[in-house]
Amino acid sequence: MTLGEQATAIQAFGYTAREAAFLALAALHSGCFLRRQFCPKRGKLADALCRKILAHEHAKTTVYAHNTHLYHLCAKPLYAALGQQDNRHRRPHETFYIRAKLMGLDYVLAHPAYRFLPTEQDKVAYFCEVRGIAQKTLPTKVYTGSHESRTERCFVDKNPVRIDPETGRTAFCFIDDGVYTTPGFATWLGQYAPLLEALGESEVIVWPLRRRPLHRRSGSLRNDSRQPEQ
């Protein structure tokens, strides 16, 4: 399903076109959202959306400091409409994970002109089928279970991956929340190194800017200077 088709499917629940498009992005990229991510100004637009998702039981809300309401999109019918019945964003998560997911959604919302690959399936299909890259080149994590079973998962960090629709250039975003993820950046970059090498012309973006800017093109790094509101 395309993003447009997914938004249309959500609209069938009674949401407006704008509400449905936003909910599709929020569900696929983070599983949760803040009111200001839908509408920066307080008013009827955000109120209407929040009332609808609670009335439909599509989300649960948690109130944090300063009366900040977090909406967790957790209803199976909502994800079923997106073709994502088993999406792990439906599950409850720790606060630090939620913070990173909200920052990732901020990044997606800040770049509406680009195409994004929100799910593991989307990313594997694009890089393997469209770009012709071997799956063994993708960042992969192996999970072991009982009876020595092994499950391989790609792109488990779930960080945003964007495609420039005009040039086809790929950009990989590392979410730097300033507290939890920074020590893992070198590890993350090492995991993506084979894919970056295979792609050639690509970017790595650290979001948001917190230290001296890093810039890399054609396998280099850069920090995005815009600071999302938390």
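No lab work stands behind these numbers, since they all come straight from the coordinates. Keep in mind that what you see is a predicted model, and the values were worked out from it rather than measured. Methodologically, a virtual Cβ is constructed for each residue, glycine included, from the backbone with ideal geometry; neighbour enumeration extends over all protein chains shown.
About its Cα centre, how strong a charge dipole does segment 36-123 have in debye, to the nearest 20, once Lys and Arg get +1 and Asp and Glu get -1 at the Cβ? If you can, show how the numbers build up before the last one.
Values: 15 positive and 7 negative charges, 51 e Å.
Result for segment 36-123 is approximately 240 debye, rounded to the nearest 20.
Excluding Ala20 itself, what net charge comes from residues whose Cβ is under 14 Å from its Cβ, given Lys and Arg +1 and Asp and Glu -1?
Working: positive: Arg18, Lys52; negative: Glu5, Glu19.
Net local charge, Ala20 excluded: 0.
Work out the FRET efficiency for Glu166 and Gln135 from their Cβ-Cβ distance, taking R0 = 25 Å, and round it to the nearest 0.05. Write out the running numbers ahead of the final one.
On the way: r = 27 Å, r/R0 = 1.08.
Given R0 = 25 Å and the Cβ-Cβ separation, E is 0.40.
Once fully extended, how much extra length lies between Asp86 and Thr62, figured as 0.36 nm per residue of separation less the alpha-carbon to alpha-carbon distance? Spell out each step's value before the answer.
Details: separation 24, 0.36 × 24 = 8.64 nm, distance 2.26 nm.
The span from Asp86 to Thr62 would gain 6.4 nm if fully extended.
Enter the Cα centre distance for the pair segment 121-164 and segment 29-56, rounded to the nearest angstrom.
Going from one Cα centre to the other spans 32 Å.
Can you compute the modelled spin-label distance between Ala113 and Tyr97, with each label point 7 Å from Cα toward Cβ, in nm?
3.5 nm
Quick one, which of (1) 55, 39, 32; (2) 47, 45, 39; (3) 64, 31, 28 is the actual Cα extents along the principal axes in Å calculated for this model?
(2)
For helix 95-109, report the angle its Cα long axis makes with the longest principal axis of the Cα atoms of the chain; keep it between 0 and 90° and round to the nearest 10°.
Orientation of helix 95-109: about 90 degrees from the principal axis.
If you plug each phi of segment 191-203 into the Karplus form 6.51 cos²θ - 1.76 cosθ + 1.60 with θ = phi - 60°, what whole-Hz ³J(HN,Hα) values come out, in order, with x for Gly and Pro?
Ordered by residue, 3J(HN,Hα) equals 5, 8, 3, x, 5, 4, 5, 5, 6, x, 7, 7, 10 Hz.
To the nearest 20 debye, what charge dipole does segment 89-162 have about its Cα centre, counting +1 at the Cβ of each Lys and Arg and -1 at the Cβ of each Asp and Glu? Could you put the intermediate results ahead of the total?
On the way: 13 positive and 8 negative charges, 16 e Å.
I would put it at about 80 debye.
In debye to the nearest 20, how big a dipole does the chain give about its Cα centre with +1 on each Lys and Arg Cβ and -1 on each Asp and Glu Cβ? If you can, show how the numbers build up before the last one.
Numbers: 32 positive and 22 negative charges, 128 e Å.
Dipole of the chain, to the nearest 20 debye: 620 debye.
Using the charge dipole of the chain (Lys, Arg: +1 at Cβ; Asp, Glu: -1 at Cβ; taken about the Cα centre), state which of Ala46, Cys173, Ala134 has its Cα farthest towards the positive end.
Ala46
Can you tell me the length gained on complete extension of the stretch Glu152 to Ala198, counting 0.36 nm per residue apart and subtracting the Cα distance? Present the calculation step by step, with values, prior to reporting the outcome.
On the way: separation 46, 0.36 × 46 = 16.56 nm, distance 2.03 nm.
Using 0.36 nm per residue and subtracting the Cα-Cα distance, I get 14.5 nm.
Tally the DSSP beta bridges in the chain and give the antiparallel ones as a percent, rounded to 5.
Given both bridge residues lie in the chain, the antiparallel proportion sits at roughly 65 percent.
Round to the nearest 10 and give me the degree value, 0 to 90, for the angle of helix 44-55's Cα axis relative to the longest principal axis of the chain.
90 degrees
Give the calculated FRET efficiency between Tyr143 and Arg42 to the nearest 0.05, with a Förster radius of 25 Å applied to their Cβ-Cβ distance.
Values: r = 43 Å, r/R0 = 1.72.
The formula returns an efficiency of 0.05 here.
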